[in-house]
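First the structure, in the form of structure tokens, and then the observations on it.
Coordinate-derived values only; no laboratory data. Only a predicted model underlies this, so the values are computations on that prediction, with no experimental measurement involved. Virtual Cβ from ideal backbone geometry, glycine too; neighbours counted across all protein chains shown.
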Amino acid sequence: MNNKHMTDMLPHQFPFRFVDEVTTYIKMKKMNGHFDPSSMYPYLGKQPDVPSTIMIEGLAQLSVLFAQMETKPLEDNEFPLLGKIDTNIISTLRWDQTVNYALTPIRILSKQAVFSGLVTDSDGQRIITATLGVAIGKKGVELS
């Protein structure tokens with residue numbers, strides 16, 4: 001699959017999709033992507049910096065893509081879940097900068113995965129580090 005079309009596997013759509021493109025995918029090793037946040041600026045109260053929640057959600061969305069590439073695409077009755085996330089917010093990011101994501105797998109199973117994530121700005125400065133757990137939920141199945 002072409003890296004530019006991997007984002008089509010995400011159920012998220014504008015304005016809730018925070019990954020524009022997958023730039024690198026190496027099976028079981030890493031996945032990188034990016035997001036241009038400037039289109040979100042008018043919708044978010046014209047805050048001075050990109051909210052960290054957008055960048056963390058972008059890492060989670062890239063995690064879902066990585067897990068799907070390693071296992072199988074989401075079925076029609078499935079949806080992604082962010083389980084647990086530990087973050088360290090190091091710095092802020094301006095709206096005119098690109099959000100760069102980098103993920104490496106810690107553990108990948110058929111319906112859940114854990115990743116180490118990094119968000120950097122256009123200059124490569126670290127913005128956020130994170131450990132993310134993602135899983136797949138099924139519509140109509142109650143969680144216990």
Just to check I understand the Karplus step: with θ = phi - 60° and J = 6.51 cos²θ - 1.76 cosθ + 1.60, what whole-Hz values come out for segment 95-101, glycine and proline as x?
5, 8, 9, 7, 8, 10, 10
Once each part is reduced to its C-alpha centroid, what is the distance from segment 25-51 to segment 104-144 in angstrom?
15
At 7 Å along Cα-to-Cβ for each site, give me the label-to-label distance between residue 44 and residue 108 in nm.
2.8
Within a Cβ distance under 15 Å of residue 112, other residues only, what is the Lys/Arg minus Asp/Glu net charge?
+3
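If the only charges are +1 at each Lys and Arg Cβ and -1 at each Asp and Glu Cβ, what is the size of the charge dipole of the chain around the Cα centre, to the nearest 20 debye? Kindly include the intermediate steps, with their values, before the conclusion.
Working: 14 positive and 15 negative charges, 82 e Å.
Taking the Cα centre of the chain as origin, the dipole is about 400 debye.
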Using alpha-carbon coordinates, inclination of helix 52-70 to the longest axis of the chain, degrees
30
Please name which of 83, 51, 119 has its Cα lying farthest along the dipole of segment 3-138 towards the positive end, using unit charges on Cβ (Lys, Arg +1; Asp, Glu -1) and the Cα centre as origin.
83
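What 222 nm value per residue comes from the helices of the chain, counting each DSSP H run with n ≥ 4 as -39,500 (n - 2.57) and dividing by all residues, nearest 500 deg cm²/dmol? Don't skip to the answer; put the middle values down first.
On the way: 1 runs with 19 residues, N = 144.
Computed ellipticity for the chain at 222 nm equals -4500 deg cm²/dmol.
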Lysines near residue 27 by alpha-carbon distance under 20 Å, same-chain residues fewer than 8 away left out - which ones?
4, 72, 111
